[in-house]
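Participant: Take this structure first; my questions come after.
Computed from the coordinates by the stated procedures, all read-outs in this text should not be read as laboratory data. Keep in mind that what you see is a predicted model, and the values were worked out from it rather than measured. FYI the Cβ positions are ideal-geometry reconstructions off the backbone, even for glycines, and counts take in every protein chain you see.
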Amino acid sequence: MAIGLIGRKLGMTSVFQSDGTMVPVSVVAVEPNTVTRLRTAQRDGYTAVQLGIEPSARLSKPRAGQLGDLPKVSTLREFRVDSVDEYEVGQTLDVSLFAEGDLVDVTGVSKGKGFAGHIKRHHFKRGPKTHGSDHHREPGSIGPGTTPGRVYKGMRMAGHMGDRGATSRKLRIVRTDPERNLVLVKGTLPGARNALILLKKA
């Protein structure tokens, strides 16, 4: 278990590498993360580091009381770690945590697609369009009637698509820009533009 950083997905672009090849990258803005709390196994039952970003003047009283003299950050996330000995409350972590070539796991919330049918949602095949068929985009059988006499839980059907937690694993960091607090990650990342992203060492 390794520490990570909180960022915002800005969008995608392409960059050239030193050997002349062009790679598609996702741009993540990672402003300095403030350590707001340390979780210990003795007190909390697990070991983690809580980080915060995005200062805000409008915080609830419990949140403001928890932060105390720390920056009044509005977004908090925790990262499970093996030990919190090398961290302290008030410490700042930035993009220097990562280097070019590092592999990271990126967690976000996928784009919401609304209510989708089984073909779009689960890639089912459609029925025939000829010989009088009226079974073009129907779901088909969802189980026999006598046994089990019900529909099994987890049956793939039409329903809400997207807007769920998603993690892309072992993506390579192409470049870091400490001056502008940017990280360029090869490939696509879950979420829409300006979505909250968690970068964690793979």
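Participant: For E86 and R150 in one chain, what is 0.36 nm times their gap in residues minus the Cα-Cα distance, to one decimal in nm?
Facilitator: Values: separation 64, 0.36 × 64 = 23.04 nm, distance 5.47 nm.
Full extension from E86 to R150 adds 17.6 nm.
Participant: Another question about this same structure. Give the lysines whose C-alpha is closer than 19 Å to that of K113, dropping any in the same chain fewer than 8 places away, or say none.
Facilitator: Result set, ordered by chain and number: K9.
Participant: Taking a point 7 angstrom from the Cα of A195 along the C-beta vector, which residues in segment 78-118 have backbone N less than 14 Å away?
Facilitator: 106-114
Participant: When the distances between all Cα atoms of segment 38-103 are binned every 10 Å from zero, what whole-number percent does each bin get?
Facilitator: Using 10 Å bins, I get a P(r) of 17, 44, 32, 7, 0 for segment 38-103.
Participant: What is the projected area of the convex hull of the Cα atoms of segment 90-188, averaged over all directions, in nm²?
Facilitator: One quarter of the hull surface, i.e. the mean projection, equals 11.9 nm².
Participant: Report the FRET efficiency, 1/(1 + (r/R0)^6), for T167 and Q17, where r is their Cβ-Cβ distance and R0 is 30 Å, rounded to 0.05.
Facilitator: The computed FRET efficiency comes out at 0.70.
Participant: Taking every pair of Cα atoms in the chain, average 1/r, invert it to obtain the Kirkwood radius, and report Rg/Rh to two decimals.
Facilitator: 1.12
Participant: Give me the one-decimal Kirkwood hydrodynamic radius in Å for segment 115-161, with the sum taken over alpha-carbon pairs.
Facilitator: By the Kirkwood definition, the hydrodynamic radius is 12.1 Å.
Participant: Which residue, chosen from P190, V35, G52, occupies the Cα position most advanced towards the positive end of the dipole of the chain, where the dipole is computed from +1 (Lys, Arg) and -1 (Asp, Glu) charges on Cβ about the Cα centre?
Facilitator: P190
Participant: Along the charge dipole of segment 1-118, pointing to its positive end and built from +1/-1 on Cβ of Lys, Arg, Asp and Glu, which listed residue (V15, G90, A116) has its Cα farthest out?
Facilitator: A116
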